[in-house]
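Student: The structure follows.
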Amino acid sequence: MRHHLCLRAVTLTAVCLAAALTACGAESREARADSEALAEAKEKQTDTFSGLSGAEIADKAISTTAGAYSLRMKGTTPETASGLNTLDMVVTTAGTCAGTVGKSHTGSMQLIITDDTVYRKYDEGLLRAAGTKERASDVEAAVDLLAGHWAKTSRMSEEGRYYVKFCDLDLQMSAYEDADTSTARRDGRAVVDGTPAIKLSGADGKDKFTLYVATEGKPYLLKVVQESVGGKPEALTFSDFDEPVKAKPPTGEIINLDRPPH
């Protein structure tokens with residue numbers, strides 16, 4: 001904004017040289033004052049959340065994000081019982097999804113869920129990490145069978161239902177809707193992947209959190225950073241709101257895990 005004011009002042013100075021310097025000097029001062037007042041007014045207008053507290057902004061952002069049909073989630077989360085804590089997934093409220101989940105510094109799995117089938121492709125690292133309590137021969141057999149190959153199971157199978165829950169956007173967002181955001185306070189401005197945002201900081205019990213909420217367009221939640229006591233900050237970004245999800249079955253040979261081995 002100061003850059004524009006400088007350009008405005010230079011333009012007025014050029015006009016002054018062709019007229020009465022004293023009169024134009026007064027006009028220049030008045031013009032600068034008007035320009036500064038306009039800049040201040042615009043700054044106030046850019047506060048999409050004028051009059052709202054940090055907690056109210058947080059609730060509005062979570063509600064808006066939970067209302068999306070689909071979105072992309074990317075980053076890390078506190079480790080779950082399954083051991084998975086990294087993801088780059090496009091998920092929907094219909095339970096269809098596509099992307100990658102994994103465990104930091106260990107391995108990952110590609111995951112696609114269509115209307116009726118769950119498709120997975122593990123890498124060797126994740127299979128070995130999942131089998132640390134299994135017999136070595138069973139782990140080797142799993143690696144030989146599954147590593148680098150697509151496998152499928154029905155959405156209605158016990159294993160399939162687990163992954164469907166993982167890819168249910170409504171279920172994913174319920175954790176944020178149930179979170180205590182009453183301590184959220186305004187903590188400045190930021191830009192997340194090119195989108196201007198307001199930064200909110202607070203604590204949920206002993207855990208600290210930082211939320212980044214879009215100030216342009218709908219007030220979507222753009223980023224969440226969580227930090228547990230003694231732990232490292234975990235950051236998860238949200239994008240591609242309400243974009244179409246291409247959850248198409250993979251091509252090529254696919255292992256059917258619902259079919260008993262011969």
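Student: On the basis of being at pLDDT below 95 and β-branched (Val, Ile, Thr), does Val245 make the cut?
Tutor: Details: at pLDDT below 95: yes; β-branched (Val, Ile, Thr): yes.
For Val245, the condition - at pLDDT below 95 and β-branched (Val, Ile, Thr) - is met.
Student: Return the pairs, sorted by first residue and then second, in which the second residue is part of a loop (DSSP other than H, G, I, E, B) and open to solvent by less than 70 Å² (accessible area, probe 1.4 Å), the first residue lies in segment 126-138 and is within 11 Å of Gly107 (Cβ to Cβ), the beta carbons are less than 6 Å apart, and the residues are 6+ apart or on different chains.
Tutor: Close Cβ pairs (under 6 Å, with a partner that is part of a loop (DSSP other than H, G, I, E, B) and open to solvent by less than 70 Å² (accessible area, probe 1.4 Å)) amount to Leu127/Ala147; Ala129/Thr106.
Student: Further, regarding this structure: Look through segment 224-239, keep the residues that are without any contact (Cβ under 8 Å) to a residue 60 or more places away in the chain and part of a strand (DSSP E or B), and return whichever of them is least open to solvent (accessible area, probe 1.4 Å). Quick ask: steps written out before the conclusion?
Tutor: Of all residues in segment 224-239, those without any contact (Cβ under 8 Å) to a residue 60 or more places away in the chain come to 224-225, 227, 229-230, 232-233.
Right, trim to part of a strand (DSSP E or B) and you get 224-225, 227.
Values: Val224: 5, Val225: 32, Glu227: 78 Å².
Ranking the candidates gives Val224 first.
Student: Sticking with this one: Given the criteria at positive phi and open to solvent by less than 50 Å² (accessible area, probe 1.4 Å), does Gly160 qualify? Break it down into steps so the answer makes sense when it comes.
Tutor: Working: at positive phi: no; open to solvent by less than 50 Å² (accessible area, probe 1.4 Å): yes.
Taking the combined requirement at face value, the residue does not satisfy it.
Student: Another question, then. Here is a check on your reading of the model: is Ile198 of a type outside the set (Lys, Arg), in contact (Cβ under 8 Å) with a residue 60 or more places away in the chain and within 30 Å of Ala94 (Cβ to Cβ)? Walk me through how you get there before you give the answer.
Tutor: Working: of a type outside the set (Lys, Arg): yes; in contact (Cβ under 8 Å) with a residue 60 or more places away in the chain: yes; within 30 Å of Ala94 (Cβ to Cβ): no.
So Ile198 fails the test.
Student: Testing Val101 on (1) surrounded by 20 or more Cβ atoms within 10 Å (Cβ to Cβ); (2) more than 23 Å from Ala68 (Cα to Cα); (3) not small (Gly, Ala, Ser), one condition comes back false. Which one is that?
Tutor: Checking Val101 against (1) surrounded by 20 or more Cβ atoms within 10 Å (Cβ to Cβ); (2) more than 23 Å from Ala68 (Cα to Cα); (3) not small (Gly, Ala, Ser), the one that fails is (2).
Student: Just name the residue that is modelled with the lowest pLDDT out of those in segment 192-211 that are assigned to a strand (DSSP E or B) and farther than 20 Å from Gly51 by Cβ. Lay out the reasoning, then the answer.
Tutor: Taking segment 192-211 first, the residues assigned to a strand (DSSP E or B) are 192, 195-204, 207-211.
With the extra rule that they be farther than 20 Å from Gly51 by Cβ, the set shrinks to 192, 195, 203-204, 207-210.
On the way: Val192: 96, Thr195: 95, Ala203: 91, Asp204: 84, Asp207: 87, Lys208: 92, Phe209: 94, Thr210: 96.
Checked segment 192-211; the qualifying residue modelled with the lowest pLDDT is Asp204.
Student: Tell me which residues, restricted to segment 133-163, are aliphatic (A, V, I, L, M) and in contact with a strand residue (DSSP E or B) (Cβ under 8 Å, 6 or more places away or on another chain).
Tutor: Filtering segment 133-163 for residues aliphatic (A, V, I, L, M) gives 136, 139, 141-143, 145-147, 151, 156.
Of everything in segment 133-163, those that are aliphatic (A, V, I, L, M) and in contact with a strand residue (DSSP E or B) (Cβ under 8 Å, 6 or more places away or on another chain) turn out to be Leu145, Leu146, Ala147, Ala151.
Student: So which pairs qualify, if the first residue must be in segment 163-191 and within 16 Å of Val101 (Cβ to Cβ) and modelled with pLDDT under 95, the second must be open to solvent by 40 Å² or more (accessible area, probe 1.4 Å) and outside any helix (DSSP H, G or I), the Cβ gap must be under 6 Å, and the two must be at least 6 apart or on different chains?
Tutor: Leu169/Thr93
Student: Further, regarding this structure: Looking at Ala130, Ala136, which is the one that is out of contact with any Leu (no Cβ under 6 Å at 6 or more places or on another chain) and modelled with pLDDT under 85? Lay out the reasoning, then the answer.
Tutor: Working: Ala136 fails: modelled with pLDDT under 85.
Of Ala130, Ala136, the one residue that is out of contact with any Leu (no Cβ under 6 Å at 6 or more places or on another chain) and modelled with pLDDT under 85 is Ala130.
Student: Could you list, in sequence order, all residues of segment 129-150 that are crowded, with 19+ Cβ neighbours inside 10 Å and either more than 27 Å from the chain's Cα centre (by Cα) or β-branched (Val, Ile, Thr) (or both)?
Tutor: Just the residues of segment 129-150 that are crowded, with 19+ Cβ neighbours inside 10 Å, to begin with: 130, 146.
Within segment 129-150, Leu146 is the sole residue that qualifies.
Student: When you check Arg186 against the structure, is it over 18 Å from Thr106 (Cβ atoms), out of contact with any helix residue (DSSP H, G or I) (no Cβ under 7 Å at 6 or more places or on another chain) and open to solvent by 80 Å² or more (accessible area, probe 1.4 Å), yes or no? Please lay out each step first, then the result.
Tutor: On the way: over 18 Å from Thr106 (Cβ atoms): yes; out of contact with any helix residue (DSSP H, G or I) (no Cβ under 7 Å at 6 or more places or on another chain): no; open to solvent by 80 Å² or more (accessible area, probe 1.4 Å): yes.
No, not satisfied.
Student: Moving on. Can you pull out every residue in segment 156-187 that is under 21 Å from Pro250 (Cβ atoms), part of a helix (DSSP H, G or I) and not charged (D, E, K, R)?
Tutor: Listed by number, the residues that qualify are Gly160, Tyr162, Tyr163, Val164, Phe166.
Student: Additional query: Could you grab me the full set of residues in segment 240-254 that are surrounded by 15 or more Cβ atoms within 10 Å (Cβ to Cβ) and over 15 Å from Gly99 (Cβ atoms)?
Tutor: Matches in segment 240-254: Phe241, Ile254.
The values are calculated or read from the model by the stated rules, or taken from the named source; none is laboratory data. Just so it is clear, the structure is predicted and the values come from calculations on it, not from any experiment. Virtual Cβ from ideal backbone geometry, glycine too; neighbours counted across all protein chains shown. Heavy atoms of the whole protein, side chains included, go into the accessibility calculation; ligands, DNA and RNA do not. Shrake-Rupley method; radii C 1.70, N 1.55, O 1.52, S 1.80 Å.
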